[in-house]
Amino acid sequence: MASKILLSLAIFAAACSSLALASDPSPLQDFCVADKENPVKVNGFVCKDPMQVNADDFFASGLQTPAEIKKDVGSGVTTINVDKLHGLNTLGISMVRIDFIPQGINPPHTHPRATEILTLLEGTLLVGFVSSNQDGNRLFSKVLYKGDVFVFPEGMVHFQQNVGYENAVAIAALSSQNAGVITIANTVFGSEPAISIDILAKAFQTHAHIIAAIQAKF
């Protein structure tokens, strides 16, 4: 009986350890402001001398200003992460502002290191994410109005589209100081060097000349 209890505890401890490693490192002190000038490479950034830290290390500006709109997709993103706000180091959080023109999209993408929770400030958005292969690639989608909130689980491919007649603005929090972003189209069709046309033609079950034409756009 005792051996079964010990085995159960060992499995539980391993599970907890795996969960802990799946997110940003937890702080072991009040704060660990990123020292971007330090050449030492660690997972995250080396801490700045706490006696040299001041209020500016915990401050950033910019979310009050609309992002520059990318004409090809009709949206723009302003990011506040550890690269812009050094005080975020080890805190496991960052923010973005997303601006959309009518019919603009934030194309299908994923954040490899973060869950995202989005709040719509202005406009009307169609949002959604697709579950994993194991779950059957189900689409979870919703139309959001001012004040609505939607969450995109970590790693899930997701998107937003302005389906209203006016500009839309959303703000989102992400559960990582550096969530990362992988835009599906750019990654698949715009990699350097390019993925073989034959591979992509078979993956998308289409002709090679169609894949070549798409790659040329990226």
State whether the residues of region 27-35 include one that is at pLDDT below 85 and exposed (fewer than 10 other Cβ atoms within 10 Å of the Cβ).
yes
Yes or no: residue 97 charged (D, E, K, R), over 19 Å from residue 182 (Cβ atoms) and open to solvent by less than 70 Å² (accessible area, probe 1.4 Å)?
yes
Looking only at region 83-94, filter to residues that are in a loop (DSSP other than H, G, I, E, B) and at negative phi; which one of those is most open to solvent (accessible area, probe 1.4 Å)?
84
State which residue pairs qualify: first residue free of Cβ contacts under 8 Å to residues at least 12 places away in the same chain and inside region 170-195, second residue of a type in the set (Ser, Thr, Tyr) in any location, beta carbons under 7 Å apart, and separation of 6 or more residues or different chains.
none
So, in region 100-112, of the ones that are in a loop (DSSP other than H, G, I, E, B) and either among the β-branched types (Val, Ile, Thr) or under 21 Å from residue 67 (Cα atoms) (or both), which residue ends up most open to solvent (accessible area, probe 1.4 Å)?
103
Across region 48-82, what is the total count of residues that are within 18 Å of residue 94 (Cα to Cα), outside any loop (DSSP other than H, G, I, E, B) and either touching a residue at least 40 places away in the same chain (Cβ under 8 Å) or open to solvent by 30 Å² or more (accessible area, probe 1.4 Å) (or both)?
5
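The values are calculated or read from the model by the stated rules, or taken from the named source; none is laboratory data. Just so we're clear, the structure is a prediction, and the values are computed from it rather than from any experiment. Heads up, the Cβs are rebuilt from the backbone with ideal geometry, glycines too, and the neighbour counts pull from every protein chain shown. The protein model used for the area step is the full one, side chains on, heavy atoms only, and it has no ligands, DNA or RNA in it. Shrake-Rupley method; radii C 1.70, N 1.55, O 1.52, S 1.80 Å.
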